[in-house]
1. Could you check how many residues of segment 443-484 are among the hydroxyl-bearing types (Ser, Thr, Tyr) and either in the same structural domain as residue 122 (by TED's automatic domain parsing) or part of a helix (DSSP H, G or I) (or both)?
2. In contact with a strand residue (DSSP E or B) (Cβ under 8 Å, 6 or more places away or on another chain) and touching a residue at least 60 places away in the same chain (Cβ under 8 Å): does that describe residue 308?
3. Any chance you could count how many residues in segment 508-560 are under 30 Å from residue 364 (Cβ atoms), at pLDDT 95 or above and among the aliphatic types (A, V, I, L, M)?
4. Quickly run through segment 302-312 and pick out the residues that are part of a helix (DSSP H, G or I) and surrounded by fewer than 20 Cβ atoms within 10 Å (Cβ to Cβ).
5. Quick check, is residue 525 in contact (Cβ under 8 Å) with a residue 40 or more places away in the chain and farther than 20 Å from residue 400 by Cα?
6. Test residue 277 against the criterion of being within 26 Å of residue 125 (Cα to Cα) and either aromatic (Phe, Trp, Tyr) or part of a helix (DSSP H, G or I) (or both), and give yes or no.
7. Considering every residue within segment 313-321, establish whether at least one is outside any helix (DSSP H, G or I), free of Cβ contacts under 8 Å to residues at least 24 places away in the same chain and touching a Leu at 6+ places or on another chain (Cβ under 8 Å).
8. Within segment 353-381, count every residue that is assigned to a loop (DSSP other than H, G, I, E, B), of a type in the set (Ser, Thr, Tyr) and surrounded by fewer than 21 Cβ atoms within 10 Å (Cβ to Cβ).
Amino acid sequence: MCGIAGFIDKQNQLNQANKQKIIKQMMQKLEHRGQDDVGFFIKNNIVLGHARLSILDLTKRGHQPFLSADKKIVLTYNGEIYNFLELNKILAKKYSFKTTSDTETLMNGYQEWNLKSLNKFKGMFAFGIYDQLNKTLTLAVDRFGIKPLYYINNNNFFAFASEIKALFCLPGVKAELNTDALGEYLLYRCTAGADTLFQKIKRLCPAQCLQYNVKTDKTKMVVYYQPRKIALPADQEKLTKKFLNILHASTEQHLLADAPLGLQLSGGVDSSLIAALATQIKQKNFHSFSIGLKRPGWNEFKYSRLVAKKLHTIHHELYFTEDDFCRLLPQLTYHLDKPMNHLHSVPMYLLAKYARRYVKVLMSGEGADEIFFGYRRYQKITNAKHISDKLLIQSSQFADKKIMSKIVNVDFEPSIVKRQRLITNLTNPYDKLFKLEMLTYLVPLLIRQDKMGMAANIENRVPFLDHNLVEFAYSLPLKLKLSKNDTKIFLKKIAEKFLPRQIVWRPKVGFGLPQNEWLRHKNGLGEYLKFFTTNIQTKRHFINYSELQTIITEHQTKKADHSQLLWILIALEIWLQIFIDRRPYQDIWPGLNQ
């Protein structure tokens, strides 16, 4: 993977030296994303930058920003186009290729098909491409938002970057809290759509393409893809064969790399199935990696060992502690650019950091739970007498709205209405659930996977999010995905062909952490509660501290479990201190103990 950034100096107020200085500062903020090479393009008021982690064509020929053969178009690109060899055969009739990098495929494909190229690319990507003749900057991300891209458009600059922090290098661009998005975060631990928790900074949503015209200062947004229902065989044998063909093709394409590639192995069905196919396709000794707590009951090593032994991988197990978790929270919040919505971001980073000793790329099973309905919370929906939009929207809610309303002075209604609008054009409740999961719950999981990997300078790949696979899952009859007693039914039956039964049919655990207990440890995670009690650095205007103290006391004395709510507030406060208060993240955890 890579880090990309760029800006257009609308008023031409910066001289060449200042433009160069700013883009270098932006790339320094992104250097962890790609440490193999760095490049810049500066011409008139257009500035582009690129930090490269080389995966395909490891030579200097893949240097970016990348210029077209006629020098009229310039590209900065983060991602992988997995079908680039197939596209090259078509494009070779008209274009000569000087590299073996998919960057050149993207460039030539864009020149040949313009925006229609986006539906031809199979992969994960975020890019900025500037046409010097048409004076147009085009930004785009892949179908499911696997690769993040953020932008800002004000009177002085149109700018974009792989991570938000790079945008604060621009003159006059400051980190300010977007209070309109606060209610949504406090309920769902994330914001949906283009909104971020930063005022005026937007995110490109899945399958979005934005074009900015430098001459007219106008933007145009296009959504180039939406999952569609496809015809599936009624015959079970033919259905299984079709699925295996799609999954095999996706896994094979995701294995394409000139750099070392390994397997993220949790011991669950999804990552184990990808690992099984990978070892079948490329019969070699892959490195596989698992992580967990040392204490009994809080790791899945029993199962990941079983899979690793069956697949003959070179297996690595990594332990982490509560102290590791607490120590890394501020640093990883900085890398995320947002409050840490999922606690397993920390072990994910530690695993990636360790794996980087051996590989540059990690395969994972991310996305399978969303497309095949694998979460246990979906069963509550199936068991409901009436499946309302309200029930669907609440299914991914982390905080109790009534309790949260006592603690914060925030209006939650706009966020609920916002999410309702996403599904107004659908009638089937499970189609609504699918769309909600893809546009709300899955996106922050993918952002977390990208940024935790990139913080360790490693690329994560997600074979389940091949669009053909997603459309297959979307089209499957509900009875093959979800019942009152089970989840992910079809995928588990497929997995039986490759994995031991005790891996496939054991109850879903997920990567949980004992946050409930940890928040009662005065020298552990509970230390962070000092933000709201004895060590209050800055009082937040929206928090009712006396009510919050009651909640903290109830949790610490075991009268109630408020761990979900307390985690939301801790994660938010760490983010506020780093980005809004501009406190160095290195000072936060040690500072609590002083």
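The values are calculated or read from the model by the stated rules, or taken from the named source; none is laboratory data. For clarity, every value in this text was computed on a predicted model and none was experimentally measured. Counting neighbours? That spans all protein chains shown, and the Cβs are built from the backbone with ideal geometry, glycine included.
1. If we filter segment 443-484 for residues that are among the hydroxyl-bearing types (Ser, Thr, Tyr), which is where we start, we get 474-475, 483.
Next cut, either in the same structural domain as residue 122 (by TED's automatic domain parsing) or part of a helix (DSSP H, G or I) (or both) only: 474-475.
Number of matching residues: 2.
2. Details: in contact with a strand residue (DSSP E or B) (Cβ under 8 Å, 6 or more places away or on another chain): yes; touching a residue at least 60 places away in the same chain (Cβ under 8 Å): no.
The answer is no for residue 308.
3. Residues in segment 508-560 being under 30 Å from residue 364 (Cβ atoms), at pLDDT 95 or above and among the aliphatic types (A, V, I, L, M): 2 in total.
4. Applying the first criterion (part of a helix (DSSP H, G or I)) to segment 302-312 yields 302-311.
Hits for segment 302-312 are 302, 305, 306, 309, 310.
5. Working: in contact (Cβ under 8 Å) with a residue 40 or more places away in the chain: yes; farther than 20 Å from residue 400 by Cα: yes.
So residue 525 passes the test.
6. Values: within 26 Å of residue 125 (Cα to Cα): yes; either aromatic (Phe, Trp, Tyr) or part of a helix (DSSP H, G or I) (or both): yes.
Criteria met by residue 277.
7. As a first pass, look at segment 313-321 and keep what is outside any helix (DSSP H, G or I): 313-321.
Among the residues that remain, those that are also free of Cβ contacts under 8 Å to residues at least 24 places away in the same chain are: none.
Among the residues of segment 313-321, not one is outside any helix (DSSP H, G or I), free of Cβ contacts under 8 Å to residues at least 24 places away in the same chain and touching a Leu at 6+ places or on another chain (Cβ under 8 Å), which makes the answer no.
8. Count: 2.
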